[in-house]
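Report on the structure given below.
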Amino acid sequence: MPKDSESPSATEVGVVDFMEFMMKDQPGNQTRMRGGLMWLDFESDEKFGKPFNELTESQVLEIVDLVAWPDRASEEYQGGVRWFNLLRNLTCSGYFSTKAGWDYIGYKGNQPNVWDGVPQEVMDKHGFKLDEKYIPIYLKPEERGVVAQWDEAGNLIG
């Protein structure tokens, strides 16, 4: 994921370190990852006579296009497609688990919401009734952002 005007690159936010961690944490993927990296160099050498890291951007994209679109990839590139899917999934997982990734998609995290208690029809259906003395304690819209306080005996005090 390259840097653009809205977000930093995957490399800048530590996705390479994330991938290294994942390969250590899930050693079953190591052979697939190594095989895919070897395939990149092999394909680069076959097409352009040099290793993948020495390719121009257009040459890189030519190889990526062979495996990045599973529905368009030929049968001979299906192994490359599976490897590229692993790489893409790890890249996205690493990127979108960072603050920069969250900011990019507008993720706000868990936010408190408004809850006015169990709906009356549900209470009625199950034969429950909220004791009237608790309504002013539990259902105070003006205090929804305030954390409840409890006494030592576990009683709600405010």
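Among ALA68, ALA100, which is of a type in the set (A, V, I, L, M), touching a residue at least 60 places away in the same chain (Cβ under 8 Å) and within 30 Å of LYS3 (Cα to Cα)? Break it down stepwise before answering.
Details: ALA68 fails: touching a residue at least 60 places away in the same chain (Cβ under 8 Å).
Criteria check complete, one pass: ALA100.
Applying the selection to the stretch 4-57, what residues are over 17 Å from the mean Cα position of the chain (by Cα) and part of a strand (DSSP E or B)?
ASP4
Give all pairs with beta carbons closer than 9 Å in which a residue from the stretch 3-24 that is under 19 Å from LEU86 (Cβ atoms) and in contact (Cβ under 8 Å) with a residue 24 or more places away in the chain meets a residue that is among the aliphatic types (A, V, I, L, M) and open to solvent by 50 Å² or more (accessible area, probe 1.4 Å); count only pairs at least 6 apart in sequence or on separate chains.
ALA10/MET1; ALA10/VAL16; VAL15/MET1
Residue check, GLY79 against (1) farther than 23 Å from SER9 by Cβ; (2) open to solvent by 90 Å² or more (accessible area, probe 1.4 Å); (3) not in a loop (DSSP other than H, G, I, E, B), all met but one. Which one?
Tallying (1) farther than 23 Å from SER9 by Cβ; (2) open to solvent by 90 Å² or more (accessible area, probe 1.4 Å); (3) not in a loop (DSSP other than H, G, I, E, B), GLY79 fails exactly one: (2).
For ASP71, are the conditions met, namely being out of contact with any Pro (no Cβ under 9 Å at 6 or more places or on another chain) and outside any helix (DSSP H, G or I)?
Details: out of contact with any Pro (no Cβ under 9 Å at 6 or more places or on another chain): yes; outside any helix (DSSP H, G or I): yes.
Yes.
Identify, please: which residue in the stretch 44-65 is among the charged types (D, E, K, R) and within 21 Å of PRO2 (Cβ to Cβ) and is, among those, surrounded by the fewest Cβ atoms within 10 Å (Cβ to Cβ)?
GLU57
Test ASN85 against the stated conditions and say whether it is part of a helix (DSSP H, G or I) and either open to solvent by less than 100 Å² (accessible area, probe 1.4 Å) or at pLDDT below 95 (or both).
The answer is yes for ASN85.
The values are calculated or read from the model by the stated rules, or taken from the named source; none is laboratory data. This is a predicted model, so every value here is computed, not measured. Every residue, glycine as well, gets a Cβ built from its backbone with ideal geometry; the counts of neighbours run over all protein chains shown. These accessible areas exclude ligands, DNA and RNA; they are computed on the full protein's heavy atoms, side chains included. Shrake-Rupley method; radii C 1.70, N 1.55, O 1.52, S 1.80 Å.
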